1. Starting from the range A:331-429, pick out the GluC sites (Glu not before Pro) whose DSSP state is loop and whose Cβ has at most 11 other Cβ atoms within 10 Å.
2. Please identify the DSSP H helices in chain B that span no less than 15 Å along the helix axis (Cα) and have a mean Kyte-Doolittle hydropathy of 0.5 or more.
3. Under DSSP H, which helices of chain A have Cα atoms covering 24 Å or more of the helix axis and a Kyte-Doolittle average no less than -0.5?
4. List, in order, the whole-Hz ³J(HN,Hα) value for each residue of the range A:179-189 obtained from phi through the Karplus relation with A = 6.51, B = -1.76, C = 1.60 and θ = phi - 60°; use x for Gly and Pro.
5. What percentage of all Cα-Cα pairs in the protein assembly as shown are separated by more than 53 Å?
6. Residues with amide H under 5 Å of A:A392's amide H, sequence separation 5 or more or different chain, H placed in the peptide plane at 1.01 Å from N; which?
7. Would you jot down the residues in the range B:340-369 that end up with at least 30 Å² less accessible area in the complete protein assembly than in the chain alone, with a 1.4 Å probe?
8. Determine the order of A:F278, B:F304 by accessible area, beginning with the largest, at a probe radius of 1.4 Å.
Amino acid sequence: MKPALTMNQAMAEAARCLLCHDAPCAAGCPASTAPDVFIRKLRFRNLKGAAKVIKERNVMGGVCAVVCPTCSLCAAGCTAAGLDEPIDIGALQRFIVEHAWEMGFSPLSAGKPNGLKVAIVGSGPAGLSCAAELARAGYQAMVFERLSAPGGMLRHAIPDHRLSPAFLERELEDIRALGVRFRLETAIRTQQDLDSLREQGFGAVFLATGAWRCATLDLPGRPREGVTDALTFLMGAKERPKELRHELAGKDVLVVGGGDTAMDAAVTASLAGARDVFILYRRSFAQMPGSPEEKTLAMDAGVHFMILTQPVGFETRGDRVTGLRVVRTRLGEPDSGGRRRPLPISGTEHSLPADLVVEAIGLSPDTSIREIRSLRTDEAGRIQVTAGQRAAADLPVFAGGDAVRGASVVAKAVCDGKAAAAAIRKELGR
Amino acid sequence: MTRYDRLQTTFCGVKFENPVMLSSSPVSNTGEMVGRAFDAGFGGVVFKTIGVGREKIVHPGPRMAGYDYHSDRLVGLQNVEQISDRPMADNMADLSYLKKNWPEKVVVSSIMGFTKDEWRDLAKASEDVGADMLELNFSCPHMTVEGSGMKVSHAQALVGEFTAEVKKVTGLPVLAKLTPNITDITETARYAAEGGADGLTAINTVMAISGVGLDDYTPRPNVAGKGAMSGYSGPAVKPIGLRCVAQLAQADSLGLPVSGCGGIETWIDAAEYLLLGAGTLQITTGVIHYGYRIVEDILEGLDFFLAERGLHGLDQVVGKALPNLVPTDQFDLSSQGVADYDLDRCVGCGQCHIVCQDAGGQCLTWDDADRRPVMHEERCLGCMICSFVCPVATPPMITYRVVPGKPEILPPPSV
Ligand SMILES: Cc1cc2nc3c(=O)[nH]c(=O)nc-3n(C[C@H](O)[C@H](O)[C@H](O)COP(=O)(O)OP(=O)(O)OC[C@H]3O[C@@H](n4cnc5c(N)ncnc54)[C@H](O)[C@@H]3O)c2cc1C
Ligand SMILES: Cc1cc2nc3c(=O)[nH]c(=O)nc-3n(C[C@H](O)[C@H](O)[C@H](O)COP(=O)(O)O)c2cc1C
């Protein structure tokens, strides 16, 4: 992780804040973390008050501070940009949260037990924020997680160099302290599972199962060895970093895709000691959906950017990949999404050798949850909800986060978790 | 080292190659240190205050505390340091060392006696080792020796008596260093003048408490669990220093040259002191913060300031702002104005709107869609607080515009 600000650096950065009358940063935060308020509190040396605002509004305030793409959220409208640079809101938020941890100050507390139980399915930021909100209101919040550790993408996908496991663990500690409980290695998938939850006395269910299905290259002849999807690659890197170093030493890696997941995979490969790491993207650099921060990280890690380059086939020896066939592209007319469409340039087909190909071309919600009656999903597998994150008309079932939005960001998952908690409290009357 | 002809000056009959001196404090504690300050460009020194050594001097530990404002360090400095703790002979040897090796620099001996005899002895000894001038310390606010320092100024007649005592034994020009911790600094100055002082130095430190520890309930600096009201210096006291210097320079029956001191860090601070009547300048906290090197930019900046205006010497600057310094009853109250907004340069923070609502005349409303203030000039008091908080400050986006015949604005009773 980047080094944290010192107290003096934080005070200097806070002093640059213009303390706007109608702070655009506040409007830009999906999780309503109120940067205008916590920066003002920091400026006036009320560090506990600042930490309280952050944590009360966003139980993932530490993680968000570290991973939020601030330049497209809170910092996007920062008035200070009219003078020089936008305020580094993420760095200030992290400083405040870590300072509170160091001081042993926990602003949140569990509510008086009201005897009601709610089941939360999925321990990513959506599930965690819903669970924490409910625990603060006196509910018994039980989080069911199919994997062996809580945290969702934060734990299993976002690379350690951007979000250290210890940092995440510290934030989870705050949530556990509220009495939120976890039942790990327990998937909730079927109607039967859901019925059983109701039988166990859970008055409502929040589905926050994320978007874990990776799109794969739709090309003929995909070999069995040497091609992997980005999530599998990133999870492996976090679970078995030593093995990855061993596997990648001196190897060349091709990452296909231009989003943040592609950047994370490429940087991870590079840091693990791969020889040459390429990002293959069929449009232009400016069109890459990856955030500026992540693109910069990738460039700093020495990743080669192969833009306007599109894979057209695998090269293999036996069952193993040896590279990709690619063509160069140029940009044509805008497609339905408004982005200019990549057109192959004839006569440019050639091979790029590789020992490993990582597919990072999109994530969508996993379809297994669809077995649950009265849930509706769209063609992309996203659970459909009405106001208050309600996912079923006849049952107290709610949903949010990537499972509803498709691949999105942590702050929006937090927002959904909070909204669901509010709706559940209304539904259950406490 | 650059020499600046324009900055040469004569003060109390002594020639200075430039008017910037170290003031008496740890920055002028030893000959070796002052030598380096001279090499860096200082035109003179007021050496750390010397006593005869009859009373043992021990500096409290720690002897200073910094005062920070947000992330700005050392906006002010509090100290409980005493006069020099070194043997008188060593200090005198250092004065002689300095005169020998830097004959063109001005060496002022700052002295403090606890009896008339001591004042005389110190004056005589300083003259014997070649000091160019004397500065009598009547102003240290935190002496541990009863009845000394600032206490002398409070028993005003003693200022005159001790000055006269010194003048009896020496022909050197004598400066009286005054304290701002008194109702009217010109009264102390008058006693000094009657005693025969040739000039005045102002200011010594301002009595203050720079902070209190919230864990130990102890005012700063925390000296083994206790704090004391004591001397405060640095940029925070410059406005008080400027006021005192101007008071002394304007007191026409005094007619004594003034050496200005208090919070000088830049050539701009220096120019302000000169314009209000200081003939030479003294610095401590600026050096404690940045080292001797600050003198380089003070001298160069002053030289540019004079050159830009086609001025040949400091006499064309010293005191030139005094005619514009008047008692408030001499203001032209018929001249009134409003805040003028260059909205093309506005970044839209709305701080002007907030302060106008909460501390001004409520003449600004806020356009939510445009994110810009909207001025209703008929309610503008012209108080200009909006311009103080506006971040678009160089050059200012909000300026004062005189409105001839502006009607009086009196808020109606609240309903
Ligand atoms: C590589 C990568 C990098 C990213 N980087 C950033 C970033 O820098 N900033 C940012 O804001 N966002 C980032 N994101 C996106 C962000 O991680 C997600 O938007 C966010 O985690 C979504 O939260 P969630 O709670 O909806 O789902 P998830 O975090 O995906 O959590 C869902 C959880 O539900 C569990 N689960 C799934 N099905 C079941 C079931 N049937 N029963 C029980 N448990 C189940 C999963 O195991 C998982 O733990 C990144 C995503 C990826 C993949
Ligand atoms: C640590 C310290 C010690 C000082 N000691 C003396 C002293 O011995 N004699 C004296 O006349 N003034 C002493 N002063 C006062 C300074 O000479 C000067 O008048 C005052 O600090 C204001 O100037 P400045 O803002 O540039 O520091 C001392 C100041 C400080 C900070």
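1. A:E379
2. B:157-169, B:294-308
3. For chain A, where a helix must reach 24 Å along its axis and average at least -0.5, the hits are A:410-428.
4. Listing the rounded values in order: x, 5, 10, 10, 10, 7, 6, 10, 8, 10, 10 Hz.
5. 39 percent
6. Those qualifying (amide H under 5 Å, at least 5 residues apart or on another chain) are A:V397.
7. Buried on complex formation: B:V347, B:C349, B:Q351, B:I354, B:W366.
8. Highest to lowest solvent-accessible surface, that is B:F304, A:F278.
The values are calculated or read from the model by the stated rules, or taken from the named source; none is laboratory data. Computed from a prediction, not measured in an experiment: that's the story for all the values here. Methodologically, a virtual Cβ is constructed for each residue, glycine included, from the backbone with ideal geometry; neighbour enumeration extends over all protein chains shown. The accessibility values were calculated without ligands, DNA or RNA, using every heavy atom of the protein model including side chains. Shrake-Rupley method; radii C 1.70, N 1.55, O 1.52, S 1.80 Å.
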